[in-house]
Every structure is written in structure tokens, then in C-alpha cells.
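The structure under discussion appears below in the form of C-alpha cells.
The values are calculated or read from the model by the stated rules, or taken from the named source; none is laboratory data. Everything numeric here is computed off the predicted structure, so don't read it as measured data. Heads up, the Cβs are rebuilt from the backbone with ideal geometry, glycines too, and the neighbour counts pull from every protein chain shown.
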């Protein structure tokens with residue numbers, strides 16, 4: 001009886017040893033499962049592409065909200081020991097696209113607004129309120145008559161300005177016709193050699209309207225929990241290179257829970273007219289004698305990081 005009991009206990013003590021898997025064995029089992037998940041995701045993406053290509057309206061939006069507040073009292077290690085500060089900003093990217101057998105109509109809007117404040121509580125003369133920091137507003141409408149599945153004769157209207165201050169001063173309106181190439185449902189490339197760039201501004205000695213070529217490339221897509229949009233808008237003036245400009249904006253959103261996630265936006269712009277207007281009229285030490293040739297046309301940039309909300 002003792003021998004039988006001893007044998008049973010020995011077998012039970014050996015079961016965990018021989019039943020436990022090694023890290024290499026677990027990784028070997030995970031490999032095929034990862035391949036299966038990738039294959040399933042590939043089929044889902046293919047079905048989503050077919051769904052996006054179906055006729056009818058496709059409407060959607062996503063955005064980013066970021067902000068922070070802080071207050072310091074007697075924090076003498078910094079130059080302003082008593083202060084309250086904060087910043088808040090949000091971005092909205094919205095689209096409404098109509099796809100039909102013989103034509104398409106794509107509409108998009110991008111809004112990026114932000115405010116900042118720094119209240120020096122020891123200085124009663126400083127500005128204690130929020131001030132405009134980022135101010136971007138852009139809407140566009142593209143109509144195309146299809147020549148084939150990938151090429152169309154098209155007309156574009158695009159308007160961009162600021163909303164918080166100097167509304168339509170300056171404001172830019174592009175109207176033009178040409179061709180549109182859609183190699184895949186999510187990518188749209190617009191080439192309009194016949195385009196007129198209307199510029200609205202009180203400072204008519206700097207801002208001028210002109211004819212030129214318009215090029216737009218827009219990529220908007222949602223893959224699983226990731227939504228992103230990249231838009232490049234360029235105008236090349238036929239009259240003077242100083243009247244040309246381009247803007248490239250990018251928005252990313254990763255959903256963590258339901259419709260809430262993390263968002264990141266950044267933009268780049270090159271516009272000599274805006275730079276000259278700033279140097280002549282808006283800089284801390286304006287230079288009224290500045291010209292296009294004398295200014296340093298620095299690249300304009302912005303970025304926002306915060307919570308995202310997907311509609």
C-alpha cells in the first residue's frame with residue numbers, strides 16, 4: 001500500500017513539470033494564429049473597400065480635443081512665481097461624399113481652433129484672458145464627371161480663412177476646372193490647370209488675386225480603431241511666384257474605448273503674402289518697408305495632441 005501511494009504522489013508531482021509549455025512552444029503556437037488574424041483583417045478591409053465604392057452618400061467626422069490648466073503660487077524658481085495658465089483646442093474633420101455610377105461629389109471641412117492664457121497675478125496690467133493661438137478653417141467641394149473608374153473631368157471650389165480673428169482678412173477662394181484621379185477609393189488627386197485664386201483682404205497692396213494651377217491630394221481612411229486624414233492643397237500662380245502658396249494638414253485618431261481615443265494633428269504652410277503682411281503690420285516691431293525680397297519666408301507649422309472623439 002505504501003508503494004502504491006508513493007507512486008501516485010510521484011506521478012502527480014511530475015505532471016506539472018511535463019505539462020508546462022516553454023516560451024518557444026507558446027510562440028510557435030502563436031505564429032499561425034497571428035497569420036490567421038492578419039488574413040481575416042485583410043478580408044475585412046477588402047469588404048470595406050467594396051462597401052465604400054458602392055453608390056450613395058458616405059458621411060463621417062472625427063476630431064481632437066486637448067487642454068490643460070495650471071496655477072502656481074510663490075514658485076520662485078520661475079520668472080513668474082504667481083500665475084495661472086491654460087490652453088484648450090479642438091480639431092474637427094468632416095466629410096460628406098456622394099458616389100454615383102457616372103459622377104461623384106466630395107465635400108470636406110477642417111476646423112482647428114485653440115486658445116491659450118498666461119495670467120501674471122503680480123502684474124495687474126497683463127491680459128488675464130484666453131487668446132487665440134491656432135485658427136484654421138477650410139472647406140472644399142469637388143464635383144467630377146467620370147470618364148472611367150479612375151479619371152474624371154472635375155470642378156473644385158475651396159475656401160480657407162480664419163474664424164477667431166480677421167475673418168476673411170485674408171480669405172482665399174479657389175475656383176477651377178481640370179481632371180481628378182482616384183486610383184483607390186480613399187485617395188483623390190486633383191489637377192486643375194485652369195484655376196483662379198481670389199484673395200480677400202483689407203491690405204490690398206500685399207494680397208493679390210491671380211490665375212494659376214491648383215493641385216490637391218487628399219487621403220482619408222479608417223482602418224479598425226485608426227482614423228486618419230492627410231490633405232495637401234497647392235496653388236501655383238502663373239503671374240508671380242510670390243503669390244503661390246501651399247498647405248498640408250494631417251489628422252490621426254486612435255480609438256481606445258467606444259468613441260473616445262487619442263488624437264494628433266499637425267499642419268505645415270508656406271505663404272509669402274501672409275509672411276509679408278505679418279512683418280509689415282502684425283510683428284512686435286513692424287517693418288513697413290519690408291518687401292517680398294527682403295523677408296525670410298519661414299515655414300508655418302502647428303500641432304495638437306489630446307483626446308479624440310469619433311462621430
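Tabulated results
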{"read-out": "All positions within the range 261-273 that are surrounded by 19 or more Cβ atoms within 10 Å (Cβ to Cβ) and part of a helix (DSSP H, G or I)", "value": "273"}
{"read-out": "Any hit, the range 200-214, residues being in a strand (DSSP E or B), over 30 Å from residue 54 (Cα atoms) and at pLDDT below 95", "value": "yes"}
{"read-out": "Options 193, 124, 183: the member that is assigned to a strand (DSSP E or B), surrounded by fewer than 18 Cβ atoms within 10 Å (Cβ to Cβ) and modelled with pLDDT under 95", "value": "183"}
